[in-house]
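Student: One structure, pasted below without further comment.
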Amino acid sequence: MSIKKCKDRLSDFEYHVMFEKGTEPPFSGELLDEKREGIFVCKCCENSLFSSKAKFDSKTGWPSFYEPISQDSIKEELDRSYGMIRTEVECVKCGAHLGHLFEDGPQPTGLRYCINSVSLKFVPTKDS
């Protein structure tokens, strides 16, 4: 999906976070406390990104996951913004900024994918 088509579907703030690499304020995201079973997909292109089974409460203020659905669903890029060195997480299909990856998550991976709620859409399983 083109960025222009995404822009037409997103609010100004969603577009800012997803395509201008913004960040939502901590503890403000609608999906932070989502506990139903389902899949978190990219809000722009609906690429499947994270399973609710990999979601955990990192107490950081953003939805956190210890692994993506597939390494083929995301792209990792070096981010040197704001005087830090971090790993940015992007949607592999549309290039949307999702959040950042840190190495302080729980087992089994030890990873924390810290993701902006506004970059995601939640699709519950039929039984949820």
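Quick note: the coordinates plus some simple rules give every number you see, no bench work behind them. Predicted model, so just to flag it, every value in this text is computed and none were measured. Note that each Cβ is placed from the backbone with ideal geometry, even for glycine, and that neighbours are counted across all protein chains shown.
Student: Once a ≥ b ≥ c are taken as the square roots of the eigenvalues of the Cα gyration tensor of region 1-47, is the result rounded (a/c under 1.5), prolate (a/b larger than b/c) or oblate (a/b not larger than b/c)? Walk me through the numbers before you get to the answer.
Tutor: Numbers: a/c = 2.81, a/b = 1.34, b/c = 2.09.
The shape class here is oblate.
Student: Same structure again: Each residue of region 67-72 in order: what ³J(HN,Hα) in whole Hz does its phi give by Karplus 6.51 cos²θ - 1.76 cosθ + 1.60, θ = phi - 60°, with x for Gly and Pro?
Tutor: Going residue by residue, I get 6, x, 4, 8, 5, 7 Hz, with x marking Gly and Pro.
Student: Would you mind classifying region 3-124 by shape? Square roots of the alpha carbon gyration tensor eigenvalues, ordered a ≥ b ≥ c; an a/c under 1.5 is rounded, otherwise it is prolate if a/b is larger than b/c and oblate if not. Mind showing how you got there, number by number?
Tutor: On the way: a/c = 1.40, a/b = 1.15, b/c = 1.22.
Cα axes put region 3-124 in the rounded bin.
Student: Next up: Run the helix sum for the chain: -39,500 (n - 2.57) per DSSP H stretch of 4+ residues, divided by residue count, reported at 222 nm to the nearest 500 deg cm²/dmol. Mind showing how you got there, number by number?
Tutor: On the way: 2 runs with 15 residues, N = 128.
One gets -3000 deg cm²/dmol as the mean residue ellipticity at 222 nm.
Student: Let me ask you something else. Within region 1-95, how many Lys pairs that are eight or more residues apart, or on different chains, come under 20 Å at the alpha-carbon?
Tutor: Close lysine pairs found across region 1-95: 22.
Student: While we're here: Suppose a student asked you for the relative contact order of the chain, using Cα pairs under 8 Å spaced at least 6 residues apart; what percent would you report?
Tutor: Numbers: 265 pairs, mean separation 37.0, N = 128.
So the answer I get is 29 percent.
Student: Give me the one-decimal nm value for the distance between modelled label points at Asp127 and Tyr82, 7 Å along each residue's Cα-to-Cβ direction.
Tutor: 3.9 nm
Student: Is there a quick way to get the dipole size of the chain? I mean about its Cα centre, with the Cβ of Lys and Arg at +1 and of Asp and Glu at -1; what is the value in debye to the nearest 20? Before the final figure, lay out the partial values.
Tutor: Working: 18 positive and 21 negative charges, 53 e Å.
With Lys and Arg at +1 and Asp and Glu at -1, about 260 debye.
Student: Another question about this same structure. For the chain, which cysteines have no second Cys with its Cβ under 4.7 Å from theirs?
Tutor: So, Cys114.
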